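Colleague: Can you read through this structure? Questions will come right after.
The values are calculated or read from the model by the stated rules, or taken from the named source; none is laboratory data. All of these numbers come straight from a predicted model, not from anything done at the bench. Cβ coordinates were reconstructed from backbone atoms using ideal geometry, including for glycine residues, and neighbour counts include every protein chain displayed.
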Amino acid sequence: MSYFLLDASQTYGNPDPPQLGTTVYFNLGGVWTQPVNIDHVNFKCHLFGALVYNEDFPDQESVQPGGWTYSLPFDVPPVAPDTTYYITIEAVAQDGTSLFMINTDFRFA
């Protein structure tokens, strides 16, 4: 069941492309299709197939059908490998249900 429809025009990283030694904001936007109770948003990063970052961001809110935006901060270290970073962002309901999952990747400029 689709709880959330992503709006690509409202979903982006800032700065783009990400810069070393900065905080990158992953901005999410879209439309909820039904009422849900969000518990948290999870952010994961994989490098070379290994999980290197896994953090839950509390976001306990009840949302109704309609537009929604969220900004997730990610502190980028000043030194990082020159490779592709694979990111998964997932919203999780209070009952543990996955509400949406977004997969993306990036490289540093």
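Colleague: Which residues, taken from region 45-83, are assigned to a loop (DSSP other than H, G, I, E, B) and surrounded by 12 or more Cβ atoms within 10 Å (Cβ to Cβ)?
Modeller: Listed by number, the residues that qualify are PRO65, VAL76, ALA80.
Colleague: What number of residues in region 7-21 are assigned to a loop (DSSP other than H, G, I, E, B), exposed (fewer than 15 other Cβ atoms within 10 Å of the Cβ) and on the phi < 0 side of the Ramachandran plot?
Modeller: Selection size over region 7-21: 6.
Colleague: Take the residues in region 56-84 that are of a type in the set (Phe, Trp, Tyr) and under 13 Å from the mean Cα position of the chain (by Cα); name whichever of them is modelled with the lowest pLDDT.
Modeller: Across region 56-84, the extreme among qualifying residues is PHE74.
Colleague: Would you call ASN42 surrounded by 12 or more Cβ atoms within 10 Å (Cβ to Cβ), at pLDDT 95 or above, of a type outside the set (Val, Ile, Thr) and more than 30 Å from PRO77 (Cβ to Cβ)?
Modeller: No: the conditions fail for ASN42.
Colleague: Within region 27-38, is even one residue surrounded by fewer than 16 Cβ atoms within 10 Å (Cβ to Cβ) and touching a residue at least 60 places away in the same chain (Cβ under 8 Å)?
Modeller: So far as region 27-38 goes, no, none of its residues is surrounded by fewer than 16 Cβ atoms within 10 Å (Cβ to Cβ) and touching a residue at least 60 places away in the same chain (Cβ under 8 Å).
Colleague: In addition: Can ALA91 be described as assigned to a loop (DSSP other than H, G, I, E, B) and in contact (Cβ under 8 Å) with a residue 60 or more places away in the chain?
Modeller: Judged against the criteria, ALA91 is not a match.
Colleague: Every residue in region 98-109 that is over 16 Å from HIS46 (Cβ atoms) and modelled with pLDDT of 95 or more, please.
Modeller: Answer for region 98-109, where residues must be over 16 Å from HIS46 (Cβ atoms) and modelled with pLDDT of 95 or more: SER98, LEU99, PHE100.
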